[in-house]
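Rule-based calculations on the coordinates, nothing more; no lab input. Model, not experiment: these values are computed from the prediction. When we count neighbours, we look across all protein chains shown, and the Cβ atoms used for this are built from the backbone with ideal geometry, even at glycine.
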Amino acid sequence: MKLSILCTFTMLSLLVFVFSVLPNNELVATAENGNKQITIFHTNDMHGHLLNNSNQIGIDIIASMKNIESNSLLIDAGDATQGLPFANLRKGKDVITLMNAAGYDGMALGNHEFDFGLEQVLKNVALAKFPVISANTIYRGKPLLAGINGNNGEFFIKEINGVEVGFFGITTQETAYKTNPNNVKGVTFEDPLKTAQNQVDKLEKAGADVIVGIVHIGNETSSKLKSEDIAIEVDGIDVLLDGHSHTLINEHVNGTLIAQTGSASANVGKVDITLKNDEIVEAKETLISKTESLTYKSEVEVANFTKKISESQGTSFNQVVGRTETPLWGATVNGIAIGRISETNLGDLIADSMVWSAASQVKESSYENQPIVSLINGGGIRNSIPEGIINRGQVISILPFGNILFLKEVNPAILYDVLENGVSKIESVNPKTGFITGVDGRYPQISGMRFEFDPSKTAANTTDTTKPFTKGERVTKIILLDAEGSDGEVLNRSDTTTKIVLASNNFETAGGDGYTMLKSLTNIGEGASLDIIFEEYITKLTKAGDGVFYYPVSKSRSRAFTSHVYYPYTAAITIKKGREIVANSEVMYTIDKGEPFKGKTDEKGILTIGHIKSGPHSITLSSKGLSTYIYVNDLIDSTILNSSLGSEEYGNVSSYQFNQRTTRNNNKLQ
């Protein structure tokens, strides 16, 4: 059923409800004007973020939202069971258990539900006390989840306030390479558009008054299909509860409301639907932020259950494994997943640990004297590390997938293909700002080599089967690095004889994220899981540094060469202590642990730092006895970036505002 009226429907501030007795004697709340109200709370891409803290809404609060609001349902759009150590310790089981306790009414499979393997998917779905669905996920000729918990695996209908609400599930076709491909052997992901229309037809025939798609599709520019395409091409969908792209969406497209909440339980979505004579007159999305969630009281039973599980995990996760003198940036910073579009120092460090581990594996073998390089996809790095002590829980949260180190023998020609795939989703360079766009999980974080690429040249195509295979012409140079990180041999693109050891992991070597050129190569060794290797390497560096190690914010291992001329830039940083603006106050700061400088905020709490060398930097700030640090980078566009300050003196200048960061001694500056 499409929305018959898209304009806002104004309700009286005080509504008088009457109760109509249905044939089955159920009481239905109906407004005096004959309208019915229902509410759907929704989450997506929680990735195990279920604990209530300063940055995320706990599942105890989410449960409270549903319990307080009459005539409401609670739905998740996928990627709930994997991510943080809290979720991974028992392969998603604890997440499903808590979703049961919170009263979830339904869920669609996300691609990361498959990260623990197909068998674990089925175990987790069987544990759920609510329908888990994915109509386009087919195994052995039928929906993968058919028959589990009495569900058909495709759709379900929930009656709420006398309204029959039909839900169908769709999982992104990118799952074929956005989980370990070995985890989905024998599974196919059918056309979301055709599947969605088929599901709508089935739900209409079954008598659904409202039709809701729970779609793990997203709106990333690099994706072949977006949720808005479903809204445009499929007739009869009233609401699409979306996931996958970790973005905020609240828009009507072709009469369909599309809503997505971001990720990591930073927000909860609330869709309010008003019907009159079984026709929708309004469907409206409201985003409940962490701050707004503070008005809800915790659901005590859920909170206690969560605490019990968390405490049982605490001893192992709190074990200290090292200490860093500098923040290690790797995941989402200032609204953009930096590891998916550029080199990061955490990506460099993890890649270093892979080369280190590979070197010990090939020692005294026929591969010992071959150059060793490493690659990890930026999308596989799921968090950042604050300056200070590093514990095991942080390591696992960064590398949560349990991926194993795989060694393959490659040659320069293959290595060029590998890196071509890595930068194939980079889209463009803004001629005015120099911003590089095109976020994708395949972006290569590397060690043992560096490379240069030109985004204006032809990109490789390794995943879109509707288009011809393209090898790509963007990577213009690959240079091997010596043990000190200095340039060595420049590799020839046509060289198929020089032998090189590539240390990667079982996700990429199985063809994940488009690295299909690695799939057919013979393994020459397998190591431990990446989190264990990284933990051991951090401990090694910490001991070598007499209790702490330093790592620069960039080692210039991947360089985009463009026609844009980059000048020093200015960062305008709004500083807050809690919610209070720190105005007209002295601030001490350093750039990349360099010489300290003294600045002062203006009446709006803005500290202006000029003449910053183009590229990424860590800025440490101290004010009013508190310390924090931020990441700045004039090469990357972000939803947080404001318009150019227009200063000719500094050339390409951008203004930044930053959210709060974890700091030393747990003090915070927002």
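Structural remarks
- Shape class for the range 451-520, computed from the alpha carbon gyration tensor (a ≥ b ≥ c): oblate, with a/c not under 1.5 and a/b at or below b/c.
- Cα gyration tensor shape of the range 298-400, rounded if a/c is under 1.5, else prolate or oblate by comparing a/b with b/c: prolate
- Cα gyration tensor category, rounded, prolate or oblate, for the range 368-470 with a/c compared to 1.5: oblate
- Mean separation of Cα pairs under 8 Å and 6 or more residues apart, divided by the residue count, gives the range 318-552 a relative contact order of 31 percent.
- Relative contact order %, the chain, counting alpha carbon pairs below 8 Å whose residues are six or more apart: 12 percent
- Here the extension length gained between LYS543 and THR286 equals 87.5 nm, from 0.36 nm per residue of separation less the Cα-Cα distance.
- Amide H to amide H, with H built 1.01 Å from N, LEU240 comes under 5 Å of GLY213, LEU257, ILE258, ALA259, counting only residues 5 or more places away or on other chains.
- Nitroxide proxy distance, nm - points 7 Å out along Cα→Cβ at SER310 and THR522: 5.1 nm
- The shape of the range 318-552 can be summarised by an equivalent ellipsoid whose semi-axes, obtained from the alpha carbon gyration tensor, come to 27, 22, 16 Å from longest to shortest.
- Calculated FRET efficiency, ASP201 to GLU427, Cβ-Cβ distance, R0 = 35 Å: about 0.45 to the nearest 0.05.
- Residue-span extension gain [LYS624 to VAL565] - 0.36 nm each, minus C-alpha spacing: 17.4 nm
- Fully extending the segment from LYS123 to ASN492 would add 128.0 nm, taking 0.36 nm per residue of separation and subtracting the current Cα-Cα distance.
- The range 417-501 - Rg over Rh from alpha carbon coordinates, Kirkwood radius: 1.00
- Annotation: amide H of ILE133 within the under-5 Å range of MET107, ALA108, LEU109, sequence separation 5 or more or interchain, hydrogens built in the peptide plane.
- Computed from the C-alpha gyration tensor, the three semi-axes of the ellipsoid equivalent to the range 121-197 are 23, 15, 10 Å, from longest to shortest.
- Fewest-first sequence of TRP329, TRP356 by Cβ atoms within 10 Å of each Cβ: TRP356, TRP329
- Lysine pair count for the range 318-552 with Cα-Cα distance under 17 Å and sequence separation of 8 or more or different chains is 10.
- Per-pair calculated FRET efficiency, R0 = 22 Å: ASN152 and ASP235 via Cβ, rounded to 0.05: 0.50
- Spatially close Lys pairs in the range 155-231, defined by Cα atoms under 23 Å apart and a spacing of eight or more places or different chains, total 12.
- The chain: antiparallel DSSP beta bridges as a percent of all, rounded to 5: 75 percent
- FRET efficiency, 1/(1 + (r/R0)^6) with R0 35 Å, evaluated for ALA359 and GLN319 via beta carbons: 0.85
- Whichever lysines have a C-alpha closer than 20 Å to that of LYS290, once near sequence neighbours (fewer than 8 apart) are set aside: LYS66, LYS270, LYS307, LYS576, LYS577, LYS668
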